[in-house]
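Below you'll find the structure, written out as structure tokens, and then a few comments.
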Amino acid sequence: MNGVGESSPGFRSGYVALLGRPNVGKSTLVNALVDRKVSITSDKPQTTRHRVTGVVTTDDYQLVLLDIPGVQRPRDQLTERMQARVEQTLTEVDVVLFILPADEEPGPGDRFIADRLAELRTPVLVALNKVDLVGEGPLELRRETLRRMGFADGVFAVSALEGTGVPALRVELSERLPEGPLYFPRGTKTDQPEELLIAELIREQAIRVTQDEVPHSLAVQVEEMAPRKGGELVYVRALIYVERDSQRPILLGEGGERIKEIGSEARREAEALLGSKFYLDLGVKVRKRWRRDSSMLERLGL
Ligand SMILES: Nc1nc2c(ncn2[C@@H]2O[C@H](COP(=O)(O)OP(=O)(O)OP(=O)(O)O)[C@@H](O)[C@H]2O)c(=O)[nH]1
Ligand SMILES: [Mg+2]
């Protein structure tokens, strides 16, 4: 069985949403489960804005993982749309993977999510992530708190960063899937178009080199992507949007040093992931209050 839509007896397939507060490691975990970078990550909250699909296919199952924004209180049109996407995703999946950080006691944000999950009929597995940061004692405390929150079974201690517990979680998730068809061709790891992946890799690097409010003010759009030099090279022109005039020089850096670094790191990653040679032509543009501008959000696919 190789064709999309085909099914065979015993083959399981389905969709899993990764749900949790911002910064708990959802995207890192999707990448670990897929064993390829499909979604960008950062140490600043609210990194994921789109819904990113990661696909794992074996002879026995196809696991479609949906990486989504972290659950948070909406503050502007951007975050409103992000939360609407989270809500919509929850109603569409076969399993929810609820992720909490092992190095913190569950807080109000986690309880809010737990209450929302209690209203759904969808099966839930729990991942206590970042176990590399804690010892056995705190881990047992977290398990105890989770038991009191109603999650006694299906709690997995993992480290998305180091890979601990990831294979066991992958198997466990696959066992919760219903019998079903192949949704994506074998070999597919994500449905994200190359253009969007490149924009995200640029945004990841821009987030990495900036701080405070700047990461939240960033958006990246690929304006042009075309083969050059008889197909040897792919030329990409992309714009990094910021919200304030004062943020532009921060992105550029002294003598353009910072934008150069963003470009070369993003290019290196894009080449490793996509197997083509790229030329990245980056610009920085100010677009005031774009997070509240619906036409701009539409253009960014948000
Ligand atoms: N030590 C440790 N750090 C981790 C682990 N998993 C993720 N992280 C770090 O946690 C931070 C957040 O990771 P992300 O995967 O971007 O988190 P997220 O939940 O997708 O965040 P949002 O997209 O903002 O909701 C990054 O700095 C990761 O490197 C882990 O298992 N151990
Ligand atoms: Mg994320």
What list of whole percents do you get for P(r) of region 141-209, with Cα-Cα distances grouped in 10 Å bins up to the one holding the largest distance?
14, 24, 34, 25, 3
Order of 98, 278 under a 10 Å beta carbon neighbour criterion, fewest first:
278, 98
For the chain, modelled as a Gaussian network with Cα springs under 10 Å, which listed residue fluctuates most, 13, 39, 246?
246
GNM result for the chain, Cα springs below 10 Å: residue of 230, 253, 20 fluctuating most strongly:
230
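Set the Förster radius R0 to 51 Å, insert the Cβ-Cβ distance between residue 121 and residue 254 as r into 1/(1 + (r/R0)^6), and round the FRET efficiency to 0.05. Kindly include the intermediate steps, with their values, before the conclusion.
On the way: r = 56 Å, r/R0 = 1.10.
So, using R0 = 51 Å, E works out to roughly 0.35.
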Residue pairs, from the table 130/285; 26/229; 229/260; 130/277; 260/288, whose Cα atoms sit over 32 Å apart
130/285; 26/229; 130/277
Mind putting together the pair-distance distribution for region 222-292? All Cα pairs, 10 Å bins, whole percent per bin, short to long.
19, 44, 28, 9, 0
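Percentage of Cα-Cα pair distances in the chain greater than 27 Å, rounded to whole percent? The partial results should precede the final answer.
Numbers: 20658 of 45451 pairs.
That fraction is 45 percent.
What number do you get for region 176-301 when its Cα radius of gyration is normalised by 2.2 N^0.38 Å, N = residues?
Against the compact-globule rule of thumb, the ratio is 1.21.
Would you kindly give the portion of the calculated P(r) for region 7-105 that falls above 24 Å, as a percent of all Cα pairs?
Result: 23 percent of Cα pairs exceed 24 Å.
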What share of Cα pairs, in percent, lie more than 19 angstrom apart in region 12-175?
51
With springs only between Cα atoms under 10 Å apart, run a GNM on the chain and tell me which of 85, 148, 170 wobbles the most.
148
Distance in nm between pseudo-label sites at residue 279 and residue 299 (7 Å out along the Cβ direction from Cα)
2.5
How charged is the neighbourhood of residue 60? Take every other residue with its Cβ under 15 Å from the Cβ of residue 60, and add Lys/Arg as +1 and Asp/Glu as -1.
-1
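Based on the Kirkwood radius over alpha-carbon pairs, what value in µm²/s does the Stokes-Einstein equation return for the translational diffusion coefficient of region 57-148 at 10 °C and 1.306 mPa s?
On the way: Rh = 15.0 Å.
Translational diffusion coefficient: 106 µm²/s.
Find, among the GluC sites (Glu not before Pro) in region 180-269, those assigned to loop by DSSP (not H, G, I, E, B) with at most 15 other beta-carbon atoms within 10 angstrom.
Working: sites: 194, 195, 200, 204, 213, 223, 224, 232, 243, 254, 257, 261, 265, 269; in loops: 213, 232, 243.
Qualifying residues, ordered by number: 213, 232.
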Region 244-302 and region 83-153: distance between their alpha carbon centers, rounded to Å:
34
Taking 8 Å as the Cα distance limit and 6 or more residues as the minimum spacing, I'd like the relative contact order of the chain as a percentage.
20
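Coordinate-derived values only; no laboratory data. All values reported here derive from a predicted model rather than from experimental measurement. Cβ coordinates were reconstructed from backbone atoms using ideal geometry, including for glycine residues, and neighbour counts include every protein chain displayed.
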